[in-house]
Amino acid sequence: MERKVSLKDIAQKVGVSTALVSYVLNNKRENRVSKELARRIRETAAEMNYRTNQVARSLKTNKTYTIGLIVADIANSFSSGLARIIEDEAEQHQYTVIYSSNDENAHKCGKLIDTLLDRKVDGLIIAPPAFSEHQLIYLQQQRVPFVLVDRYFPDLPTNYVALDNYGMAFKGIEHLIQVGCRRIGMITYKTELHHLQERRRGYTAALKKHRLPVSKKLVREVDIKLETTAIENAIDSLLSGEEPVDGLLFSANNIALAGLKYISTLPVKVPDQLAIVSFDETEALEFFYAPFAYIKQPLPEMGRLATHLLLESIEKGSATTQVNLEGELILKKPYAPR
């Protein structure tokens with residue numbers, strides 16, 4: 001069997017101490033090492049096919065260098081995009097990410113947390129479902145480092161990184177008003193999740209500011225498990241009657257995906273008769289026949305910042321940090337085939 005390359009082997013080849021090699025390869029701040037020397041050590045380690053002895057490293061540091069990530073649904077483009085950013089960022093710091101989906105189910109989320117803790121992860125990044133506050137309180141009591149991402153509970157002091165959902169919904173509705181809409185509807189999930197409630201609050205505040213109709217009849221709620229027929233029925237009801245809506249806000253990308261697909265089959269012209277704003281971007285919307293606006297979340301910043309906050313909490317603990325990031329309103333032009 002081929003002998004594994006050790007830190008001592010690398011040190012002898014470069015002509016430095018074993019401690020210095022360990023210092024560089026463990027990704028610590030290299031304030032005491034020149035960039036050139038650090039580069040030589042890393043290149044030599046790569047040439048010699050050096051692999052970290054993870055077991056020995058864990059025993060020495062009392063860490064597993066793994067992070068647990070719990071998203072709502074890894075099949076959703078928002079969740080998968082966020083997971084990839086977090087995975088790449090964690091890898092830069094020699095951490096591995098184990099991720100899973102809670103399916104917007106608090107009981108399942110609790111089981112996933114228990115499983116990840118049994119695997120001795122060093123910390124957790126969680127997009128929590130509704131009614132999971134008690135699980136987060138348990139983590140705090142056990143002093144498990146964690147950061148919430150995308151959503152949070154306003155009455156629970158935790159680290160989190162999320163979108164300014166109120167402000168971006170407000171901006172989206174003002175866009176619809178600026179293009180001439182005067183009767184604006186909204187289709188959203190029926191849920192207690194704070195970030196979606198904030199989107200509804202932003203919708204209402206923008207209408208009130210511009211003295212436009214605010215009515216429960218203009219808002220349709222669908223189950224968060226997402227039945228396509230429920231979204232289609234919601235659209236039919238908002239477009240029917242003597243006063244159909246001329247503007248529409250979709251509060252999530254899955255709602256937008258089903259909604260735009262259905263609207264493309266209706267005898268309604270977008271954007272002339274119906275202007276649309278949705279939350280989040282997804283490649284599946286690229287082929288919609290007409291322009292519409294969507295609110296782009298800063299996924300790279302959200303994922304990197306959540307990872308940094310968690311690693312900082314793992315390494316040295318930290319004061320509670322709560323960040324609401326600003327998104328960007330994008331005008332999506334129709335796909336033009338070549």
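The values are calculated or read from the model by the stated rules, or taken from the named source; none is laboratory data. For clarity, every value in this text was computed on a predicted model and none was experimentally measured. We place every Cβ from the backbone using ideal geometry, glycine too, and count neighbours over all the protein chains shown.
So that you can scan it fast, the table gives a plain yes or no per residue for (1) under 16 Å from the mean Cα position of the chain (by Cα); (2) part of a strand (DSSP E or B); (3) among the hydrophobic types (A, V, I, L, M, F, W, C):
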position: P157; (1), (2), (3): no, no, no
position: A162; (1), (2), (3): yes, yes, yes
position: I173; (1), (2), (3): no, no, yes
position: C181; (1), (2), (3): no, no, yes
position: T191; (1), (2), (3): no, no, no
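Condition (residue is in contact with a strand residue (DSSP E or B) (Cβ under 9 Å, 6 or more places away or on another chain) and part of a loop (DSSP other than H, G, I, E, B)) applied to region 302-317: is it met by at least one residue?
no
Quick check on A169: is it part of a helix (DSSP H, G or I) and among the small types (G, A, S)?
yes
Could you say whether any residue in region 130-139 is of a type in the set (F, W, Y) and either in a strand (DSSP E or B) or surrounded by fewer than 19 Cβ atoms within 10 Å (Cβ to Cβ) (or both)?
Scanning region 130-139 turns up at least one residue that is of a type in the set (F, W, Y) and either in a strand (DSSP E or B) or surrounded by fewer than 19 Cβ atoms within 10 Å (Cβ to Cβ) (or both).
When you check D118 against the structure, is it farther than 26 Å from N254 by Cβ and surrounded by 14 or more Cβ atoms within 10 Å (Cβ to Cβ), yes or no?
Considered against the rule, which asks whether it is farther than 26 Å from N254 by Cβ and surrounded by 14 or more Cβ atoms within 10 Å (Cβ to Cβ), D118 comes out as no.
Within region 233-261, track down each residue that is at pLDDT 95 or above, of a type in the set (D, E) and over 20 Å from P291 (Cα atoms).
Correct list: D236 only.
Looking at region 269-323 only, could you name the residues that are surrounded by 15 or more Cβ atoms within 10 Å (Cβ to Cβ), among the charged types (D, E, K, R) and either over 20 Å from the mean Cα position of the chain (by Cα) or on the phi > 0 side of the Ramachandran plot (or both)?
D280
Return yes or no: is S278 under 15 Å from T188 (Cα atoms), in a helix (DSSP H, G or I) and not aliphatic (A, V, I, L, M)?
So S278 fails the test.
Within region 101-132, track down each residue that is aliphatic (A, V, I, L, M) and in contact (Cβ under 8 Å) with a residue 60 or more places away in the chain.
Within region 101-132, L124, I125, A130 qualify.
In region 45-76, which residue that is polar (S, T, N, Q) and surrounded by fewer than 18 Cβ atoms within 10 Å (Cβ to Cβ) is modelled with the lowest pLDDT?
S58
Does any residue in region 161-178 that is touching a residue at least 12 places away in the same chain (Cβ under 8 Å) come within less than 9 Å, Cβ to Cβ, of a residue that is part of a helix (DSSP H, G or I) and of a type in the set (F, W, Y) six or more places away or on a different chain, and which pairs are these?
A169/Y203; F170/Y203; G172/Y203; I173/Y203
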